[in-house]
Structures are given as structure tokens and as C-alpha cells.
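The values are calculated or read from the model by the stated rules, or taken from the named source; none is laboratory data. Just so you know, these numbers come straight off a predicted model, no measurement behind them. Every residue, glycine as well, gets a Cβ built from its backbone with ideal geometry; the counts of neighbours run over all protein chains shown.
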Amino acid sequence: MILPQKHSATGTTIFTVMSALAQQCNAINLSQGFPDFPIDEKLGALLFEATQQGFNQYAPMPGLPQLRQAISNDFAKRYGLSINPDTEITITPGATYAIYTAFTALLEAGDEVIVLEPAYDSYIPNIETNGAKAIPVPLQAPDFSVDWERVKNAISKKTKAIIVNTPHNPTGAIWTKEDWDILADIIRNTNIVVLSDEVYEQLVFDGKQHISVLQHEELRKRSFVLYSFGKVFHNTGWKMGYCIAPPDYTIAFRRIHQFLCFAVNTPAQYALAQYLSQPALPDVSGMMQQKRDYFLSLLKDTPFTIHEPAAGSYFQTVSYANISSQPDMEFTQWLTKEHGVATIPISAFYSNKKDDKLIRFCFAKKESTLQDAMDRLRKL
């Protein structure tokens, strides 16, 4: 039997490839976006408490009520937003799952989705698996801003959605209120739905503010918004996320969710609910900016070129054009094998494998890890 291939991607993801190569070569892994420092002890203790308190069986399909309420309270505190925990919030096993479920709830065969590239590599396979077509629109280097004329020109009668990522993976760029206003103007007289991937929303630097699509009254009514606890609280292995959407969108989302997953890790939901309910949470943005700033200070002693410091996320994009003329895929493999530091080639985030001699570092690491990596890269 020949099984159907439902999307154009082949092989394993670049993150799996580079992490495996890092392990094989005993290299420092600055490729995949996972921290190597411990989570808050309070959060770990709450997970243990959950198992002792009997939170070990299936949770309700939408998620534990106390976690959905805690999220609603958190958004009211941080953004001044009123979000109904019963009709607008669904707990998911990670944000990547939430993105797939939102696409599945929305798309039909023949639909088109605008994807701003470079883009997280799950977007296009998710779109294609649902019988739809991705329409890539490149962002403008070096700041990776949106070329709005190209977005307008990409819209057709078949356009069902546009997916937005802010803060952006892999470049760290963030959207402004003006960006959301322009998007609203462009899609106002259409039925285009917005998928807003905001997994790094609490990791924004230099006094800048994350502007969520939920803060745009018009766009909020036509948006699925996807979040990750793993990115915020540095516990990516818990695979915990959530989707916020209007009630009718949430019904469609749960129509898929209930048969795809049904229930999400109950002890982790309990722990996160209790953790979010603290009077004050750690300053995760300030902590991550310290890591970014430290990484940038070390990077100055290497031949890499920084075009724009990351405004948010876990990642810094740099140019290696002064070091090598190799294609970025070959360069990252050479860097891993010969100098013991694993990174990600930016061409992996383009459907056409566009190569601008850029690579992505993850700086969500211990200072000692970053220092050891830069010691190796200074020898370039």
C-alpha cells in the first residue's frame, strides 16, 4: 500500500535534524528553541501537588475551568481585555497543535492562505494537509517588515485566511498597532480569517509592547489566537498551549479538538492554573532580555553580522556572509561539525528555500552555555 503524502514537506523538520546533528557531534545546541535552565521551583512543586491532590484523570474537553478562568484573569490584568473563559478559551497540547486545529476547523479543499515568510515550518504542511494552498509573501529584510502591497496582490477570491506571527520566529520582529490597522483595512470587505501566532507574546524587549490582535476590536471578531505556556514559562516539554477565539470560532475549533485530542494533561493544567493565580509572576521578559543582551555582547567578538537586534522571542538572526559563501544549510552543518555549535539556516523557513546567508541562534540558554558557544565561534 502506498500511503498518501498530504503536504509538500519531506523528511524530518530542520529542528530535529540539527538537534540530532548537535548530539552526534557533541555540539552546543543553539538551534532548537528550548531552554537549558530550570523552570521556576514553584511551578514544578505545583505539578507534584496536582498528582497528590488527585488531578490524574481526564480533564474536561475545553480544559480545566480554573485554568481557563486564570487565563481570562491574566488577560484582564495585562491587556485590560474581557475574555469569556467558557466560550472563548480552549486548552491545547501545545501551540503547534492549536495552529493545526484552527486550520482544520477553517479550511476546505481549494482554499488559499497567505503565509508571511520566513515562517515557522508547520504552517504550510498544516495548510496543505487540509487540502488548501499556501500563498507565500516574503517579509522585507533587514527588519522583516510587511510589504503590504504584496499582501494585497496575494489576495484572491479563494483567500480564506492569513497567518501572522508576532513576536516573529525566526527574526524576532514584532507587529505594531499600525500593522494591525493596515491589515484590517485590507481585509475589511472580505471573509478572510486571521490566525495570530502569539506564542512569544511575553518575551518583548527594549521597552516595546506586544500588540495582540485581541486588542484590535475589529480583527478580534475574526481571529484565532494561539498561545504557548512552554515559551512563557520555559517548560516546552510540557506541551501546553491554548486558543482564544470568538464563540462561534471556538465551537468550530472544539468540533475538531474533541476528536483529535479530547483532553489535555490534567496535572499540568492544575499547576498552571495555580501558578497564574499568584499575586505577581516573574518578569520573564526582563530575564530573557538579559540573555539576549548578553548573547549580543558576546557575538560582537565574532565575524557574524547583526542587522537588527531581536525585538522579541527566543531568537537572534545573524548574517555569516563575511565568513563563508556556502549555502546556509551547508554552513550550519559545517559549523556544527567543525566548530561545535548548532544553529538553524533561515532558508528552512522559506517554501522556496531562499538563501540570504542568514542563520538563527537561540539565546534562551544559561549564560555558561552561551559563553561556551561564543568561545568556540571566536575561532572562526
Which condition number does Ile244 fail, the rest of (1) surrounded by 21 or more Cβ atoms within 10 Å (Cβ to Cβ); (2) of a type in the set (A, V, I, L, M); (3) in contact with a helix residue (DSSP H, G or I) (Cβ under 6 Å, 6 or more places away or on another chain) being met? (3)
Given the structure, is Val199 touching a strand residue (DSSP E or B) at 6+ places or on another chain (Cβ under 9 Å) and either among the hydrophobic types (A, V, I, L, M, F, W, C) or at pLDDT below 95 (or both)? yes
Read through the list (1) assigned by TED's automatic domain parsing to the domain that holds Gln333; (2) modelled with pLDDT under 95, then give the number of the only condition that Cys25 fails. (2)
From Leu370, Leu358, which residue is in contact with a strand residue (DSSP E or B) (Cβ under 7 Å, 6 or more places away or on another chain), surrounded by 14 or more Cβ atoms within 10 Å (Cβ to Cβ) and not basic (Lys, Arg)? Leu358
Given (1) assigned to a loop (DSSP other than H, G, I, E, B); (2) at pLDDT 95 or above; (3) closer than 16 Å to Asp74 by Cα, identify the lone condition not met by Leu281. (2)
For Ala263: the one exception among (1) over 28 Å from Arg78 (Cβ atoms); (2) surrounded by fewer than 21 Cβ atoms within 10 Å (Cβ to Cβ): (1)
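Only one of Asp197, Asp185 is among the acidic types (Asp, Glu), over 23 Å from Arg78 (Cα atoms) and in the same structural domain as Arg150 (by TED's automatic domain parsing); which?
Asp185
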Of the residues that make up the range 142-158, is at least one modelled with pLDDT of 95 or more, more than 19 Å from the chain's Cα centre (by Cα) and on the phi > 0 side of the Ramachandran plot? no
